[in-house]
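The values are calculated or read from the model by the stated rules, or taken from the named source; none is laboratory data. A quick note: this is a predicted structure, and the numbers were derived from the prediction, not measured. Here the Cβ positions follow ideal geometry from the backbone for every residue, glycine too, while neighbour counts run over all protein chains shown. Heads up: the accessible areas ignore ligands, DNA and RNA and are worked out on the full protein's heavy atoms, side chains in. Shrake-Rupley method; radii C 1.70, N 1.55, O 1.52, S 1.80 Å.
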Amino acid sequence: KQEVTQIPAALSVPEGENLVLNCSFTDSAIYNLQWFRQDPGKGLTSLLLIQSSQREQTSGRLNASLDKSSGRSTLYIAASQPGDSATYLCAFMDSNYQLIWGAGTKLIIKP
Amino acid sequence: DAGVIQSPRHEVTEMGQEVTLRCKPISGHDYLFWYRQTMMRGLELLIYFNNNVPIDDSGMPEDRFSAKMPNASFSTLKIQPSEPRDSAVYFCASSLLPPRYEQYFGPGTRLTVT
């Protein structure tokens with residue numbers, strides 16, 4: 001069974017720190033991997049999409065990497081801000097074009 | 001574009017009642033997805049459509065759930081009769097041709113069945 005694991009489940013850091021969120025998956029036959037952000041009581045916002053042929057994607061202070069051989073992806077957030085506080089989910093698209101989801105990392109950035 | 005639009009945003013109903021959730025995808029998107037999110041099970045794909053045709057409904061929990069997409073700009077998810085265990089947040093998402101393009105999510109409908 002395909003599984004996605006996100007570590008840590010929760011993270012609290014002071015404002016300004018750089019941080020890394022981890023996502024591991026068991027199925028290397030993925031089409032892409034997507035990172036999302038979810039604010040409390042809100043929908044999901046797509047942050048970055050990495051195709052299976054790519055190694056990383058960057059958007060502003062966010063950088064996501066993908067290593068299919070090891071089944072891992074990381075989301076790097078530089079110079080964290082209180083507005084970055086949210087739950088971050090990773091999901092990979094399997095061979096049936098379905099997204100397989102992790103449980104998320106709840107991130108709190110303390111002012 | 002306004003993004004994916006869902007209505008209602010909140011729905012409270014009594015057990016046994018029919019519930020209809022609505023979704024308008026982003027114009028031009030060929031794929032539409034219905035998800036359910038709960039604390040216990042996380043995000044689950046219920047069904048998805050390509051060009052208004054249901055492709056995979058294996059995630060639909062029971063016959064009480066049904067989904068339709070009568071045209072490219074509208075989809076419904078219906079629960080009849082509703083049960084307390086159906087309480088969850090239901091999301092609609094749309095995308096261009098996967099896997100090249102990401103999915104865009106609506107704000108969700110929070111359903112409470114008492």
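Quick look at the values:
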item	result
Criterion violated by A:G104 - all others in (1) more than 27 Å from B:R9 (Cβ to Cβ); (2) among the small types (G, A, S); (3) in contact with a strand residue (DSSP E or B) (Cβ under 6 Å, 6 or more places away or on another chain) satisfied	(1)
Among residues of the stretch B:85-114, those that are open to solvent by 60 Å² or more (accessible area, probe 1.4 Å) and under 20 Å from B:M15 (Cα atoms), counted	3
The stretch B:63-114: number of residues that are of a type in the set (S, T, N, Q) and more than 14 Å from every other protein chain (Cβ to nearest Cβ)	9
Unique match (being assigned to a loop (DSSP other than H, G, I, E, B), of a type in the set (S, T, Y) and closer than 30 Å to B:D57 by Cβ) among A:S24, A:S95, A:S73	A:S95
Pick from the stretch A:85-111, criterion over 13 Å from the mean Cα position of the chain (by Cα) and modelled with pLDDT of 95 or more, ranking: most open to solvent (accessible area, probe 1.4 Å)	A:K110
Extreme residue, farthest from A:V4 (Cα to Cα), among residues of the stretch B:1-19 that are modelled with pLDDT of 95 or more and open to solvent by less than 30 Å² (accessible area, probe 1.4 Å)	B:T13
Options A:Q34, A:Q57, A:Q6; residue that is touching a strand residue (DSSP E or B) at 6+ places or on another chain (Cβ under 6 Å), assigned to a strand (DSSP E or B), more than 23 Å from B:P98 (Cα to Cα) and within 14 Å of chain B (Cβ to nearest Cβ)	A:Q6
